Amino acid sequence: MVTHFPGYRCSLCGREYLPGQVTYTCPDDGGNLDVVLDYKSIQDKYQPEDITSRTVTSLWRYLPLMPVSAPPGDSTPLHAAGWTPVFELPRLAQRLGLGLLWLKDESRNPTASFKDRASAIVVARAQEIRAEVIVTASTGNAGAALAGMSAAIGQKAIIVAPKSAPPAKLAQLLIYGAQVILVDGSYDDAFELTIKAAHEFGWYCRNTGYNPFTAEGKKTAAFEIWEWWVKVHSDWHDKIGEMADHSPLTIFVPVGDGNIISGIHKGLKDLYALGWIKRMPRLIGVQAEGAAAIFNAFQAGDETIRPVAAKTIADSISVDLPRDGVRAVRAARETGGSFLTVSDGQILEAITELGKMGIFSEPAGAAAYAGMVKAAGAGLVAGEDPVLVLNTGSGLKDIHAAMQSVASSGKGETPIIEPTLEALKKIL
């Protein structure tokens with residue numbers, strides 16, 4: 001077991017707990033728990049170079065900054081989560097009047113979504129506490145991630161998903177060998193059922209925005225962005241000068257339950273507390289117009305998350321009552337960021353635009369790009385502001401949405417011709 005995990009702190013009331021006192025949320029007020037790290041112990045043992053010089057090309061390179069031990073072995077899909085690439089998007093940047101635009105592509109994870117990060121850490125934690133079964137509610141990606149990471153080491157997993165989940169995601173769950181149960185209801189219905197089941201049967205619940213270790217997995221993306229940014233910045237000294245004299249990096253994050261943006265914020269706060277970064281990037285959360293509970297709270301200037309009747313093509317961020325909404329609001333507010341909403345039409349258009357750059361995104365991931373386009377149009381980012389967009393999942397997760405995107409772009413026709421040169425010439 002790691003030694004720099006002294007316990008938890010409630011994000012609402014601030015009460016602290018020892019690791020064995022609680023498992024999920026604050027017993028007093030139900031607030032999400034932040035995992036507390038022993039920063040002094042980490043500082044005494046490690047310098048940034050001790051991390052960046054590691055040869056491990058997965059999220060496990062950041063083990064000294066995480067509250068779990070590495071699972072056994074080093075060549076399973078569980079050990080391949082994270083360390084996803086960052087791509088430049090110069091043509092899109094030019095069109096939007098931006099000088100510096102990149103995309104971090106989380107579709108390169110083992111099960112093709114950002115959710116592998118959280119599931120890898122939760123599975124590692126389950127091994128530490130000897131949990132027999134892990135259960136989670138999911139619209140598809142979190143379940144696929146848990147199923148895949150669990151299958152890699154023979155951990156039993158049960159996935160409860162709404163019957164409306166995309167078929168491609170359900171296929172992943174089944175292929176990985178998880179026990180899959182579909183409910184005639186919403187993601188929120190599945191969420192409540194898994195909590196009851198975990199309590200009744202003694203299962204370990206992975207639910208996003210409920211299990212504090214999910215944010216610990218998602219924060220690893222912040223560590224990768226930090227490493228990447230340090231390298232990029234070192235290449236730019238002659239071009240833009242020192243970081244302190246330049247606009248902060250702005251990161252666009254798709255938001256459903258709020259756990260990804262709060263997890264990235266947690267990683268940045270860890271780095272700041274260690275003194276390894278001097279300036280926080282701006283975090284801008286992007287929600288679908290039809291599932292905008294956190295956006296509504298941010299606009300109202302408070303932290304009261306009121307449920308909505310979620311309806312959007314982006315199933316991965318379609319949530320009635322976000323379970324990590326308070327920390328998501330703070331992630332934007334405390335970094336000088338904001339929240340935006342985008343329509344389903346803008347999401348479909350974004351899928352097509354990213355495809356022209358060689359990136360196949362599912363609707364939730366494309367929502368972040370659509371939000372960035374909207375922000376650029378409103379002057380929220382401009383000129384030489386460095387911008388990073390987070391694509392959270394592969395378009396192969398939702399082929400139906402991909403075909404809708406193609407159709408809406410007016411390029412959905414795929415002619416069938418005779419296999420002759422003459423027929424080909426007529427089409428051309």
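Classify the range 228-382 as rounded, prolate or oblate, taking a ≥ b ≥ c as the square roots of the eigenvalues of its Cα gyration tensor: rounded when a/c is under 1.5, otherwise prolate if a/b is larger than b/c and oblate if not.
Numbers: a/c = 2.10, a/b = 1.33, b/c = 1.58.
Oblate, because a/c is 1.5 or more while a/b does not exceed b/c.
As a length-normalised measure over Cα pairs under 8 Å and 6 or more apart, the relative contact order of the chain settles at 15 percent. The residues packed around ALA314, meaning those with a beta-carbon under 12 Å from its beta-carbon, carry a net charge of -3 if Lys and Arg are +1 and Asp and Glu are -1. Charge dipole (Cα centre; +1 on Lys/Arg Cβ, -1 on Asp/Glu Cβ; no other charges) of the chain amounts to roughly 240 debye. With contacts taken as Cα pairs under 8 Å at a separation of at least 6 residues, the range 54-132 carries a relative contact order of 30 percent. What whole number of Å gives the distance from the Cα centroid of the range 243-287 to the Cα centroid of the range 197-214? Taking the Cα centre of each part, the range 197-214 and the range 243-287 sit 26 Å apart. Counting heavy atoms of the protein chains alone, GLU192 has an accessible area of about 80 Å² for a 1.4 Å probe. Of the heavy-atom accessible surface of the chain (probe 1.4 angstrom), what whole percent is carbon and sulfur? The computed percentage sits at 53.
Scanning residues 5 or more positions from VAL36 or on other chains, those with amide H under 5 Å from its amide H are GLY7, TYR8, ARG9, with H placed 1.01 Å from N in the peptide plane. Specify whether the C-alpha gyration tensor of the range 1-124 places it in the rounded, prolate or oblate class, a ≥ b ≥ c being the square roots of the eigenvalues: rounded for a/c under 1.5, otherwise prolate if a/b is larger than b/c and oblate if not. It comes out prolate by the Cα gyration axes.
Can you tell me the accessible area per residue over the range 1-56, all protein chains present, probe 1.4 angstrom, in square angstrom?
Details: 3180 Å² over 56 residues.
Per-residue accessible area for the range 1-56 comes out at 57 Å².
Farthest towards the positive end of the charge dipole of the chain, among the residues PHE213, ALA112, LEU98, is the Cα of ALA112, using unit charges on the Cβ of Lys, Arg, Asp and Glu. Beta-bridge orientation, the chain: approximately 25 percent antiparallel, per DSSP, counting only bridges with both partners inside.
Amide H to amide H distances under 5 Å link VAL183 with ALA161, LYS163, where only residues 5 or more positions off or on other chains count and H is placed in the peptide plane.
Report the Cα centroid-to-centroid distance between the range 128-160 and the range 327-383 in angstrom, as an integer. About 29 Å separates the Cα centre of the range 128-160 from the one of the range 327-383.
Can you check what the net charge comes to around GLY31, using other residues whose Cβ is under 14 Å from the Cβ of GLY31 (Lys, Arg +1; Asp, Glu -1)?
Working: positive: ARG9, ARG15, ARG323, ARG327, ARG330; negative: GLU16, ASP28, ASP29, ASP34, GLU303, ASP324.
So the environment of GLY31 carries a net charge of -1.
Length available on full extension from THR304 to GLN94: 0.36 nm per residue minus the Cα-Cα distance, which gives 71.7 nm. This model, with +1 at the C-beta of Lys and Arg and -1 at the C-beta of Asp and Glu, gives the range 43-156 a dipole about its Cα centre of some 260 debye.
If R₀ is 22 angstrom, what is the calculated FRET efficiency for the pair LEU18 and ARG130, using the beta carbon separation as r and rounding to 0.05? Calculated value: 0.75.
If you sort the three axes of the alpha carbon gyration tensor as a ≥ b ≥ c, you get a/c of 1.5 or more for the range 320-367 and a/b above b/c, which makes it prolate.
Here r is the Cβ-Cβ distance between SER75 and GLU422 and R0 is 56 Å; the resulting FRET efficiency, rounded to 0.05, is 0.60.
Under a 5 Å amide H cut-off, with hydrogens placed 1.01 Å from N, VAL286 pairs with VAL253, VAL255, LEU340 among residues at least 5 apart or on other chains. Here the sum of -39500 (n - 2.57) over DSSP H runs of 4 or more residues, divided by the residues of the chain, equals -12000 deg cm²/dmol at 222 nm, to the nearest 500.
Among the listed pairs LYS163/LYS356; LYS269/LYS397; LYS115/LYS219; LYS196/LYS269; LYS356/LYS397, those with a Cα-Cα distance over 23 Å are LYS163/LYS356; LYS269/LYS397; LYS196/LYS269.
Measuring with a 1.4 Å probe in the full set of protein chains, what accessible area per residue, in whole Å², belongs to the range 294-428? Walk me through the intermediate numbers first.
Values: 6240 Å² over 135 residues.
For the range 294-428, the per-residue accessible area is 46 Å².
Go ahead and run the numbers for FRET between LYS163 and GLU49, Cβ-Cβ distance against an R0 of 56 Å, rounding to 0.05. Present the calculation step by step, with values, prior to reporting the outcome.
Values: r = 50 Å, r/R0 = 0.90.
After rounding, the FRET efficiency stands at 0.65.
The values are calculated or read from the model by the stated rules, or taken from the named source; none is laboratory data. None of the values given here were measured: they were computed from a predicted structure. Because the Cβ atoms are built from the backbone with ideal geometry, glycine has one as well, and the counts that use them run over all protein chains shown. SASA here: full protein model, heavy atoms, side chains in, ligands and nucleic acids out. Shrake-Rupley method; radii C 1.70, N 1.55, O 1.52, S 1.80 Å.
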